[in-house]
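Chemist: Just dropping this structure here.
Derivation of every value follows stated rules applied to the coordinates shown; laboratory data play no part. Because the structure is a prediction, the values reported are computed rather than measured. Heads up, the Cβs are rebuilt from the backbone with ideal geometry, glycines too, and the neighbour counts pull from every protein chain shown.
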Amino acid sequence: MLREDDPPERQVAKLDKISRVLIDRLDRLEDSRGSAWAMFQAAVALEQEVQARRRELEQAMADLSQRNRELAVARAAAEEANRSKTRFLRAASHDLLQPLSAARLFLAALNDTPMTEFQQELTGRLSDAFESVEQLMHAVLDISRLDSQRIEFNRQPVPLGELFRRLAAEFAPVAEAKGLRLRFVPTQQIVESDPVFLRRIAQNLVSNALKYTHRGGVAVGARRREGMCWLTVYDTGVGIPAVDRNRIFDEFQRLSNDNGAPGMGLGLSIVRRACAKLGHPISLSSEAMRGTVFRVGLPIVEGDAAPRPVAAEPALMRLRGRVALVVENDAEMRRGYQMILRDRFGMVPRLAGGTAEALATMGEEPPDVILADYHLENGDTGTASIEALRAASDRWVPAVMITAHRDPEIARTCAAMGVHLLEKPVRPADLAEILARLLA
């Protein structure tokens, strides 16, 4: 603080010091002002940037919502198209398989007649051609069903021994033609699965093994491990390279070293789809030029195995002279059944096109067995025919329902009625075995 009695030099020094302090304060104040202004400007710029980004985000969200709506519409259209395809194939399967089934019956009847060597060759080639068409049609229908979001399975106990026996009879000629050994290890194991799709899984695995095996053989068995029963198909074929082990489960994919093996490359695709839908784990191990092993895990059903089937010759002996009432609206199928039942099985066939005609045909004496097609004319069904014929009989009559529709509802209805379900195309050997078992 300045005092009047201070010398001038002292007063000047004090004034200089005060000036420097004031100047320093002014500088700091100016600096502070500049920082605040810069912060203010930065805050304004940031707010503008935030607003711009928010507008861009809102526009992006609006575009995304629009895309989602478009995708939802496209997905709904695709699902409806897929359902329409499934409905069409389901509805058309009867008409598609009907002539094929009739042709198989006629070929079987033709094989029972005397023929020259050339005629036998022709019928053999015709049988092979029909077999290829049948496999392709089954593959298309199976993939269509497995791709359906509303597929429903008919899970029930399945005796693997019975399945193996049927597969052995089916593939023995294929293995013999290639000079391969085909062995099914006997088993009493019972598993839980859909019997139709489990058979399709096993058929495709065995067929694939025989296709890519050129020497040695194929062995099929069942082994309990880790609380499951593993259906195992082993071959001594060319093996599957590591690069192909995922690709082979896709549609129309074949091994690069298939050497012209026949087929469309759909079998393993059906296996993968069916196992995924049924919850059956599947695995494979392979070694180049040493072979491949496929394994499918199946839930175990504890209990006794199904009774052993009757041998083929005694089965046919059981059928001779027995009366079979056939309810089938297709004239060609009726003729095919008549020829097989009468000429091959030695049975007495009675033929009807619907329920009313079947009741009129039955007369006073009920038949020994009923064979009914599920889809008849004018809303009539095989279910109605069997119920009406049983009601008009003085005893319970065994029956077989024959259909091209793989519908779980039909399977449940047949199970509740005690009716055996048989899929088209009808194989005479399967029909003979079923009839012999029912009439035993």
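Chemist: Ordered by packing density, taken as the mean number of other Cβ atoms within 10 Å over each peptide's residues, highest first, how do 369-376, 334-341 rank?
Modeler: Final packing ranking: 369-376, 334-341.
Chemist: Shifting gears a bit: Which whole-number percent is the relative contact order of segment 157-298 (Cα, under 8 Å, 6+ apart)? Show your work: numbers first, answer last.
Modeler: Numbers: 251 pairs, mean separation 34.3, N = 142.
After rounding, I find 24 percent.
Chemist: Further question: Within 10 Å, count the other beta carbons around each residue, average over each peptide in 42-50, 197-205, and list them highest first.
Modeler: Values: 42-50: 10.0, 197-205: 23.0.
In descending order of packing, they fall as 197-205, 42-50.
Chemist: Which net charge results for the neighbourhood of ALA109, defined as the other residues with beta-carbon distances under 11 angstrom from its beta-carbon, given Lys and Arg at +1 and Asp and Glu at -1? Don't jump to the answer; show the numbers that get you there.
Modeler: Numbers: positive: ARG104, ARG335, ARG342, ARG344; negative: ASP112, ASP343.
Once positives and negatives cancel, what remains is +2.
Chemist: Step through the residues of segment 429-440 one at a time and calculate ³J(HN,Hα) from phi using the Karplus curve (6.51 cos²θ - 1.76 cosθ + 1.60, θ = phi - 60°), rounding each to whole Hz and writing x for Gly and Pro.
Modeler: 5, 5, 4, 4, 5, 5, 4, 5, 5, 5, 8, 6
Chemist: Continuing with the same structure: Count the net charge of all other residues whose Cβ sits under 15 Å from the Cβ of LEU71, scoring Lys and Arg as +1 and Asp and Glu as -1.
Modeler: My count for the surroundings of LEU71 gives -1.
Chemist: Turning to a different aspect of this structure: Per-residue HN-Hα couplings for segment 107-112, Karplus 6.51 cos²θ - 1.76 cosθ + 1.60 at θ = phi - 60°, whole Hz, x for Gly and Pro?
Modeler: So the J values, rounded to whole Hz, are 5, 4, 5, 5, 5, 7.
Chemist: Quick one: if you stick a label point 7 Å off each Cα along the C-beta vector at VAL293 and SER65, how many nm between them?
Modeler: Calculated label separation equals 5.8 nm.
Chemist: Taking 0.36 nm per residue of sequence separation and subtracting the Cα-Cα distance, how much length would be gained by fully extending the chain between ARG223 and ALA429, in nm to one decimal?
Modeler: Residue separation times 0.36 nm, minus the Cα-Cα distance, leaves 71.3 nm.
Chemist: Using 0.36 nm per residue, how much length does the chain from VAL174 to ARG75 gain when fully extended, once their Cα-Cα distance is taken away?
Modeler: Extra length from VAL174 to ARG75 when fully extended: 31.3 nm.
Chemist: Taking the number of other C-beta atoms within 10 Å as the exposure measure, put MET333, MET347 in order starting with the fewest.
Modeler: Taking fewest neighbouring Cβ atoms as first place, the list is MET333, MET347.
Chemist: Please work out whether segment 312-439 counts as rounded, prolate or oblate from its C-alpha gyration tensor, where a ≥ b ≥ c are the square roots of the eigenvalues and a/c under 1.5 means rounded, while otherwise a/b larger than b/c means prolate and anything else oblate?
Modeler: The shape class here is rounded.
Chemist: Label segment 391-440 by shape, choosing from rounded, prolate and oblate, from the square roots a ≥ b ≥ c of the eigenvalues of the Cα gyration tensor; if a/c is under 1.5 it is rounded, and otherwise prolate applies when a/b is larger than b/c, oblate when it is not.
Modeler: Cα axes put segment 391-440 in the oblate bin.
Chemist: List the residues, sorted by chain then number, that are 5 or more residues from ARG350 or on another chain and whose placed amide H is less than 5 Å from its amide H.
Modeler: ALA324, LEU325, VAL326
Chemist: Percent antiparallel among DSSP beta bridges with both residues in segment 157-298, to the nearest 5?
Modeler: Just about 85 percent of them are antiparallel.
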